Each structure stands twice: as structure tokens, then as C-alpha cells.
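Working notes, structure below.
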Amino acid sequence: MGQSASTAAIACRRESSHSHRSKTGSTALVSPMLADVNTESSNEGIDGGPDYISDLPDECLACIFQSLGSADRNRCSLVCRRWLRIEGQSRHRLSLNAQSDLLSVAPSLFSRFDSVTKLALKCDRRSMSIGDYALVLISERCPNLTRLKLRACRELTDVGMEGFAKNCKGLKKLSCGSCTFRAKGMNAVLDNCALEELSVKRLRGITDGAGAEPIGPGVAGSSLKTICLKELYNGQCFGSLILGSKNLRTLKLFRCSGDWDKLFQVMADQVTSMVEVHLERLQISDIGLTAISNCSSLEILHLVKTPECTDMGLISIAERCKLLRKLHIDGWKTNRIGDEGLTAVAKCCPNIQELVLIGVNPTTASLEMLASNCQNLERLALCGSDTVGDAEISCIASKCVALKKLCIKSCPVSDLGMEALAGGCPNLVKVKVKKCKSVTSEGADLLRLSRGSVAVNLDTGETEHHDASASDGGAQDNGLEFPSIPSQVAASASIASSSGRSTSFKSRLGILSGRSLVACTLRRWSGGNSNSRNG
């Protein structure tokens, strides 16, 4: 590819004068060169022989460009005018700095990139963003947009969103954060576009209270499959949209104020097809969980720092959502979810494949039940638990025959637990242990030597990292994200060894340092299973 590119570049130079090259070079990055094909590239190679790459059809060259990264594509566009044109016309994804001066170059920019279907407009919070006129102009140049991401575009108003929605009726996914347009602008999109995914974060223009204008559902009510609301003090303005989305499959609510029990109670009879629910720092109690349990097809449930949820709510979920396969609970050290709820999950949800317990205190009783009944349990994380010790790890080692990945953090486990793992869990491939003070490098070495095929990562770091919750990693566009660890069991910023021997041993094995143990583990598990996401 590199040699052919050079050949084409030299051929172009041979047939163009220096002044002509200077002229085209000044506009190559903004507008396409639609010259006759005979002047775009030469059929003569560097040594006078045939230049075979010039015989490639445009479609083949476009396929090659689409397999390259953005930087390589930019380099290829400088080879000759034909490559510039094809690269621009075959680029479907574009991310732009949405400062106000984008308006001046937008016409030429979108003349070159006239096939864009996925567009991201992001502005620095300290800069002035594009306004309504620029957004409408972009929508006129890109009528085939299917995805739009807006970040900190504070100059956009309802007028701009209305104009955009009328020009891009094929939009399927909208993600907006730190914008200030109001309910009217959001309703314009929902009325004109059959959205499938909507993600909203910190939308300040929407007022709260009795006089608030309801949002949705519009035409999107029959097509929406995913709704994600983050950090909204007025999130319940979207209640009409949630209730009107009859085919909703994924609902994610992060740090949205208000009492959500009432909404879930109304949803109980109207929206029953949900497969995935994420609730983080939300005012919801067992009443809301009982309402959610009406979704008998529920497969994925995240309960993160919802202190009013107890064993009773989890029991309702377990008894009626028997297809549950992924369960994440951050109990926030409240001790309101424990053995009773987990035992109900073990009895009623045999399909559990992934279980993450943070700040929850299970004992051998519930862990043994889970291990015995949930034969498909492959991924288990136990973090910040005061009751998970060697006996519990021994129980897991002897009972969890399908377990592949185990993560233990800030639990009273010792080398005896590592010894038990050395003789159990026949399918184990990865173990990560962090901040378990009684686990030494010798215990980890024993596990490595006994199970050569198992990757063992021991981190005895003591430095606490800042609080990181489930939604900090972004809108999780492309797959299921696992929660990072909260403050009481927060991830360490670096790996500190307990002894000189441990340091040298880690160096010989090439152990990676400088990453959050549990957060990294969970993200990797998530990446390996992204194909199972409900879409």
C-alpha cells in the first residue's frame, strides 16, 4: 500500500506543474477535486511500467480506505486528487470541533464529506459553540445522517433542533450532553425522527416542576429501544417518553433526581419488554423493583448505590425475572441486600453468568447456593465485602465449575484462599486480587505455579483513587459496561509491591501496572461479551 501510494503520488507530480500543485494543496483538505479521471492520476509507474493501482475501481479503493484509521486516511487523501475524492466520499463517520468558526468552512467541508452518516459535534466548554444556522446548514448537507452526538453546544436553541429534525428524518441515534435547548427542541426530534436510541446528559434547558412541558413520545414512541438519562434534575420530564416507548428494551438512569417509584409503577402494565435496566444513585425502593419485576424477559440488572432497595425488592426480581443472566449490585455498605436476596437469585435464576457484588456482605450460605444452582456462572467479582474470607473462596473453588474469571478486592482473604483456588475451578483462566492484605506474593506465586494456564494479577496497592461510578465511562455506545469501584473500595492508581521479591517476580512475568484492577477486569470481561448485548 505504501509503495503504491508513492507511485501514484509521483505520477501525479509528473503531470502537474509546481504552481498547479500549490493551488490544489491549499484546498485539498476542504473540498473534493472533481477533475477528469485522466488528470487525477497517471497510469505510468515510477519506473515507467504500468501503475496497477490506478486500474483499481473506485469501490475497491473505498473499501481499502474504510479499513484504515483516521490518521492513515488523512495521509492517503494527500496522495493524489482521485484518492482525495474517493476518501472523502467513502468516509461515513466524522467528529468535528464545534466551535463557532466551523460555520465558515462547513459548506466546503461537507462538499467533500458528502456521505457522512455518523456525526459528532463537540465544543470546548470555554468556547462559543456553533449556533442554529450552522446546525441547519449541516443537516441540509448531510440529509442521510443516522447518528448525531452533541457535546457542550450551548448556542443551539429549539429553532436549530427543529430545523435539523425536519432535514434529517432518518436519524436513528441521538446523544446530547451539556446542551441548553428546551423541551420543544427535543420534541421536534422525537416528532420527526424514528429514533432507536436516545442518550441525554445534563440538558439544562428543560424546566422542572408542574409547569414543565412533557417530552415525547412522538413518532419515536414506536421505535425507541434504548433510553439513557444522566445527571438530570428534571429527568422525570421524560416520563411520557418512557411510558410511550412500547418497544423499549434498555433503560439506563444515572443520578437523576426525583422519586422514580411512581413512574415504574405506571410502567408495570405499559412497558413490559425491557431486557436491560441500569439504576445508579436513584431514589427508588422495593416498590419500584417490584414494578420492574413485571418485565419477565429482564436479563441484565444493575443496582448501583440505591440505598432504599433491600432483599425484598431483589426477591421480587428473582422470582419473576427467571431469565436474569447478569446482575451487578453496589450495596454502598448499607447491608440492606445480603444472603436472603442472593439466595432467591440462586434458586430462581439458574442462567446467571455474571455476578458483581460491591459493598455487599454475602456468606458461605448464599455463595454455596449460587455456586450449586447457577452452573453457568462464568464471571464473579467480590469487592469491599467484610464477610468474604478463605471459607467463602474455598466454597467458590469447589462449587463453581464453570467459573472463568474471578476478581477479589478489599476482602479478608489470605493465602489459604489462593491455595483453594489452585485446586478448584477447573475452567478458571484469570484471577485478579487487589488490596487483600493477607494475600502475599508467595500465595499468588503458588497459584501461578499450580495453574500455569491461569493469569494471576496480585496488587497490594494502598493508594486510593477518586470515586468512579458506572456511568463515568461514557454512554456505553458499543457494549455493556461494568461499574468501576466506588470510593470505599476505590481503584488504586498504581501497583505497590509488598516486598522486593514480589517486585522482581512481577517484572519477570510482565505484570501490567498502573491500572485499576477491578475496573480494568470488568471492562475486559464486558468487551469479550459485547456481542451478547441486546442491541
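The values are calculated or read from the model by the stated rules, or taken from the named source; none is laboratory data. What you see is a predicted model; the values in this text were computed from it and never measured. Please note: Cβ atoms are built from the backbone with ideal geometry, for glycine as well, and neighbour counts cover all protein chains shown. Heads up: the accessible areas ignore ligands, DNA and RNA and are worked out on the full protein's heavy atoms, side chains in. Shrake-Rupley method; radii C 1.70, N 1.55, O 1.52, S 1.80 Å.
Of Tyr52, Tyr233, the residue with the largest accessible area leads and the full order is Tyr52, Tyr233 (1.4 Å probe).
Rolling a 1.4 angstrom probe over the protein chains, ignoring ligands and nucleic acids, what is the accessible area of His278 in square angstrom, nearest 10? Solvent-accessible area, nearest 10 Å²: 0 Å². Positive-end ranking of Leu203, Ser108, Ala134 along the dipole of the range 90-239, with charges on Cβ about the Cα centre, is headed by Ser108.
Per residue, the range 218-265 exposes 30 Å² of accessible surface when a 1.4 Å probe is rolled over the protein heavy atoms with every protein chain present. Specify whether the C-alpha gyration tensor of the range 208-262 places it in the rounded, prolate or oblate class, a ≥ b ≥ c being the square roots of the eigenvalues: rounded for a/c under 1.5, otherwise prolate if a/b is larger than b/c and oblate if not. Judged from the Cα gyration tensor, the range 208-262 comes out oblate (a/c at least 1.5, b/c at or above a/b). Taking all protein chains together and rolling a 1.4 Å probe, Thr387 ends up with roughly 50 Å² accessible.
Look at the dipole of the range 205-276 built from charges on Cβ: of Gln265, Phe254, Leu224, the Cα furthest out on the positive end belongs to Leu224. Among the trypsin sites (Lys or Arg not before Pro) found in the range 77-151, those both in a DSSP coil and sparsely packed, with 13 or fewer other Cβ atoms within 10 Å of their Cβ, are Arg125, Arg126.
Give me the accessible area per residue for the range 325-451, probe 1.4 Å, as a whole number in Å².
Values: 4200 Å² over 127 residues.
Per-residue accessible area for the range 325-451 comes out at 33 Å².
Normalised by the number of residues in the range 119-270, what is the relative contact order in percent for Cα pairs under 8 Å and 6+ residues apart?
Reported as a whole number, the value is 17 percent.
Which pairs in the list Lys347/Lys399; Lys172/Lys225; Lys122/Lys252; Lys225/Lys405 are over 21 Å apart, alpha-carbon to alpha-carbon? All intermediate terms of the calculation are to be shown ahead of the outcome.
Values: Lys347/Lys399 15 Å; Lys172/Lys225 10 Å; Lys122/Lys252 23 Å; Lys225/Lys405 31 Å.
Over 21 Å Cα-Cα: Lys122/Lys252; Lys225/Lys405.
Label 7 Å along Cα→Cβ of Arg204; the range 175-194 residues with amide nitrogen under 18 Å? Within reach of a label on Arg204, which here means backbone N under 18 Å from a point 7 Å along Cα→Cβ, the range 175-194 contributes 176-186.
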